[in-house]
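Trainee: One structure is given below, represented as structure tokens, and several questions about it will come after.
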Amino acid sequence: MTQTASPKTYRVKSFGCQMNVYDGERMGELLEAQGIAPAAEGEDADLVVLNTCHIREKATEKVYSDIGRLVKAGREAGRQPMIAVAGCVAQAEGEEIMARSPAVGLVVGPQAYHRLPGMVEAAARGERSTDTDMPENNAKFGALPARRKVNPTAFLTVQEGCDKFCTYCVVPYTRGAEISRPFSDLMDEAARLVDAGAREITLLGQNVNAWEGENASGHAQGLDGLIRELAKLPDLQRIRYTTSHPNDMTEALIAAHGEVDKLMPYLHLPVQSGSDRVLKAMNRSHTADSYLALLDRFRAVRPDIALSGDFIVGFPGETEAEFDETLALVDAVGYAAAFSFKYSPRPGTPAASMDQQVTREVMEERLARLQAALNRDQFAFNRASVGKTCDVLVERRGKLPGQWLGKSPWLQSVFFEGDAAIGDMVRVQLAEAGPNSLRGTVLA
Ligand code: 5AD
Ligand code: SF4
């Protein structure tokens, strides 16, 4: 059995959040600049990058079983791929992975992947390495190659890391302190994305609305300033951003929602719980009421704004009455979309050692009730859109012949038939609503 010397093909498998998707794309570009091509669909790659997520549940076990599966497939094929472990599990448990898994050639953390090419070369010579350094600046963005052709919708990481230390969350430990990428770098990258075909850019950050920088004339800017400047790119048609923290919301960003046409009427604003006691124990530093009041300010400037949130059920000590407060908050908001999770104790976080951990059965039952409410509201939101006319940005072909799939301004999936191409913005009348998508007809 031989280990690939210098890999000729690669595959990146990204798990978890959109930030990992972005990082995965950037790692792919670095590898391609080194002459390593993406493996064809269905073919084994010489180099497999597992771009891991550590946010919930058995993350480390999953990485080991993925490694095991790759080794087994390699044994059957008589050729072992080079395995790279990247992402947040790499950051948190890199040394241990190296020690436990001889099949892993390199471990690279989310702040260090600009060194991936050199590490791949070293691994090809049989030198295994781990790099989980967290530089003070954004070194990893420094020497990235130009973007190749991109989809009509692209991600752009503007901010990374988190200083909030919610008591359940590993992000402050795996992604480090909050850092903003410089304004001019972002404008350059956005212009290149648009040149490469992007029509919509989603600005990414663990606390994206904490982004701060200086514009070309040295004036301090918040995310609203960056959005206003991006909106001036003629071929960029839509701007979104995610994920925000309620405490970093500024009056200026709220105002931008009423003033910048290209900023889409959609806001993902995690709340986690509707109980003030639980929110305090989570160290969220907002209350249910302050969160609702914040949403009202968005609605005042953009009445049609679609709202989305994140929820955790079964945080340690959460009582039935406290969970009911979450359901009440859901009823009060009427979310267009949402993500909800069972609390998962993360090693090293304060909540993991709190008393009164909630049992799995209780969590499952609460999650089912919460998701029923959220699904009901999402369906209601979609039904309320029927009859509206809106722009749809075409992202891909649908399953049926002649069918296309795109997104409405409110991030709903819209299917329609007719004359279109990927990247087109078409005028569609929304005709029929399902729980997860809508059907529309193209207007001439
Ligand atoms: N358990 C469950 N959900 C979590 N999240 C973050 N940490 C945990 C955890 N330990 C959820 C939060 C966050 C989203 C990205 O993941 O809802 O907003
Ligand atoms: Fe985690 Fe809280 Fe930071 Fe979000 S704000 S990344 S939930 S610590």
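The values are calculated or read from the model by the stated rules, or taken from the named source; none is laboratory data. Source: prediction; values computed, not measured. Counting neighbours? That spans all protein chains shown, and the Cβs are built from the backbone with ideal geometry, glycine included.
Trainee: Looking at the range 65-91 only, could you name the residues that are surrounded by 17 or more Cβ atoms within 10 Å (Cβ to Cβ), over 27 Å from the mean Cα position of the chain (by Cα) and part of a strand (DSSP E or B)?
Mentor: Listed by number, the list holds a single entry, Gln80.
Trainee: Looking at Ser290, is it more than 16 Å from ligand 1 (Cβ to nearest atom) and either out of contact with any Lys or Arg (no Cβ under 9 Å at 6 or more places or on another chain) or not assigned by TED's automatic domain parsing to the domain that holds Pro350 (or both)?
Mentor: yes
Residues are listed down the side, and each one gets a yes or a no for (1) under 23 Å from the mean Cα position of the chain (by Cα); (2) at pLDDT 95 or above; (3) away from ligand 2 (no atom under 15 Å from the Cβ); (4) outside any strand (DSSP E or B):
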| site | (1), (2), (3), (4) |
| --- | --- |
| Arg240 | yes, yes, yes, no |
| Ser244 | yes, yes, no, yes |
| His257 | yes, yes, yes, yes |
| Pro270 | yes, yes, no, yes |
| Lys280 | no, yes, no, yes |
| Arg284 | yes, yes, no, yes |
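Trainee: Which of the residues spanning the range 331-382 are part of a loop (DSSP other than H, G, I, E, B), under 25 Å from the mean Cα position of the chain (by Cα) and surrounded by fewer than 17 Cβ atoms within 10 Å (Cβ to Cβ)? Working first, answer last.
Mentor: To start, the set of residues in the range 331-382 that are part of a loop (DSSP other than H, G, I, E, B) comprises 334-336, 343-349, 354-359.
Then drop every residue that is not under 25 Å from the mean Cα position of the chain (by Cα), which leaves 334-336, 343-349.
Once the filter is applied, which keeps residues that are part of a loop (DSSP other than H, G, I, E, B), under 25 Å from the mean Cα position of the chain (by Cα) and surrounded by fewer than 17 Cβ atoms within 10 Å (Cβ to Cβ), the range 331-382 yields Gly334, Pro345, Pro347, Gly348.
Trainee: Can I ask one more? Which of (1) within 17 Å of the chain's Cα centre (by Cα); (2) within 23 Å of Leu267 (Cα to Cα); (3) more than 16 Å from ligand 1 (Cβ to nearest atom) does Gln111 not meet, given it meets every other one?
Mentor: It is condition (2) that Gln111 fails.
Trainee: Got a number for residues in the range 398-407 being modelled with pLDDT of 95 or more and either assigned by TED's automatic domain parsing to the domain that holds Tyr335 or out of contact with any Ser or Thr (no Cβ under 7 Å at 6 or more places or on another chain) (or both)?
Mentor: Here the count works out to 3.
Trainee: Is there a residue in the range 347-369 that is within 30 Å of Asp224 (Cα to Cα) and charged (D, E, K, R)? Give the derivation first.
Mentor: If we filter the range 347-369 for residues that are within 30 Å of Asp224 (Cα to Cα), which is where we start, we get none.
No, the conditions are met nowhere in the range 347-369.
Trainee: Check Leu307 against each of (1) away from ligand 2 (no atom under 16 Å from the Cβ); (2) in a helix (DSSP H, G or I) and name the one condition it does not meet.
Mentor: Among (1) away from ligand 2 (no atom under 16 Å from the Cβ); (2) in a helix (DSSP H, G or I), Leu307 violates only (2).
Trainee: When the range 291-321 is examined, which residues are found to be surrounded by fewer than 14 Cβ atoms within 10 Å (Cβ to Cβ) and small (Gly, Ala, Ser)?
Mentor: Matches in the range 291-321: Ala293, Ala300, Ala321.
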